[in-house]
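One structure is given below, encoded as structure tokens.
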Amino acid sequence: METIKIAKAPAYTSPNPMTLICTRKSDGTTNLATLAFWTYASTNPGKIMFALNKGAYSLELLAKTKEVVLTVPGVDMAGALIGCGTSSGRDTNKVEKLGLAMKSVEGTDIQIPVSTRLAIHAAVVETVDADDHVIHVCDVKNLFADDSVEAIFGWNGYAELAGAQKK
Ligand SMILES: Cc1cc2nc3c(=O)[nH]c(=O)nc-3n(C[C@H](O)[C@H](O)[C@H](O)COP(=O)(O)O)c2cc1C
């Protein structure tokens, strides 16, 4: 085996699940940010957790609202994942800029992209400092799934975004 840096590790765990973290801005619109560092954390009760970098506007929004919808986007969302992961909602309305069609889900006024395979509506209950990121532990409130939408994954780390194939 060879010694590697952590930045190279995701290339060895590909395909990596990709999500969009959807949060509510003060004007009621949705901010979208690309997020790979998430996982299920408990099943009873349902919990998820994810790590947000300390420069992210999503971090500020969540500190105020404590409410999030984490979505697994469809395979057609490669461009949106790049756009939402390389600009900040602080100075950009990403939904408008990327021309994304949005929809409502029950129980929240945070809108999500139409192209969504799985949506997890959750409340932040705890945060943990993790140096350049902040880990958010959340209680799951509702899950919505659509089997007809194919999920997108990060390949070669996150260098390529595409569907998964069985070997
Ligand atoms: C493929 C990819 C994966 C990313 N994964 C994460 C992640 O897991 N956590 C994170 O904080 N930022 C991640 N980012 C970076 C954020 O999406 C980026 O900082 C974004 O500008 C934050 O948007 P905001 O300022 O509107 O919150 C990722 C970006 C890309 C392109």
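Every number in this text was worked out from the coordinates using simple rules, so none of it is lab data. Keep in mind that what you see is a predicted model, and the values were worked out from it rather than measured. Every residue, glycine as well, gets a Cβ built from its backbone with ideal geometry; the counts of neighbours run over all protein chains shown.
As a summary of the residue check, Val75 satisfies the conditions (1) surrounded by 15 or more Cβ atoms within 10 Å (Cβ to Cβ); (2) in contact with a strand residue (DSSP E or B) (Cβ under 6 Å, 6 or more places away or on another chain) except for the one numbered (2). Being within 15 Å of the ligand (Cβ to nearest atom) and surrounded by 17 or more Cβ atoms within 10 Å (Cβ to Cβ) is the requirement here; does Leu118 meet it? So Leu118 fails the test.
Only one of the numbered conditions (1) more than 15 Å from the ligand (Cβ to nearest atom); (2) under 16 Å from Pro17 (Cβ atoms); (3) not hydrophobic (A, V, I, L, M, F, W, C) is violated by Lys167, and that is (2). Kindly evaluate Asp109 against the criterion of being charged (D, E, K, R), surrounded by fewer than 16 Cβ atoms within 10 Å (Cβ to Cβ) and under 19 Å from Met18 (Cα atoms). For Asp109, the condition - charged (D, E, K, R), surrounded by fewer than 16 Cβ atoms within 10 Å (Cβ to Cβ) and under 19 Å from Met18 (Cα atoms) - is not met.
Evaluated against (1) under 15 Å from Asn142 (Cα atoms); (2) within 11 Å of the ligand (Cβ to nearest atom), Gly107 falls short on exactly one condition, (2). Can you find even one residue in region 61-70 that is more than 9 Å from the ligand (Cβ to nearest atom), touching a Phe, Trp or Tyr at 6+ places or on another chain (Cβ under 6 Å), of a type outside the set (S, T, N, Q) and in contact (Cβ under 8 Å) with a residue 12 or more places away in the chain? No - not one qualifying residue is present in region 61-70.
Checking Val95 against (1) among the hydrophobic types (A, V, I, L, M, F, W, C); (2) part of a strand (DSSP E or B); (3) within 16 Å of the ligand (Cβ to nearest atom); (4) buried (at least 17 other Cβ atoms within 10 Å of the Cβ), only one condition comes out false. Which one? Checking Val95 against (1) among the hydrophobic types (A, V, I, L, M, F, W, C); (2) part of a strand (DSSP E or B); (3) within 16 Å of the ligand (Cβ to nearest atom); (4) buried (at least 17 other Cβ atoms within 10 Å of the Cβ), the one that fails is (2). Here region 36-48 is the region considered, the condition is being touching a strand residue (DSSP E or B) at 6+ places or on another chain (Cβ under 7 Å) and free of Cβ contacts under 8 Å to residues at least 40 places away in the same chain, and the residue that is nearest to the ligand (Cβ to nearest atom) is Trp38.
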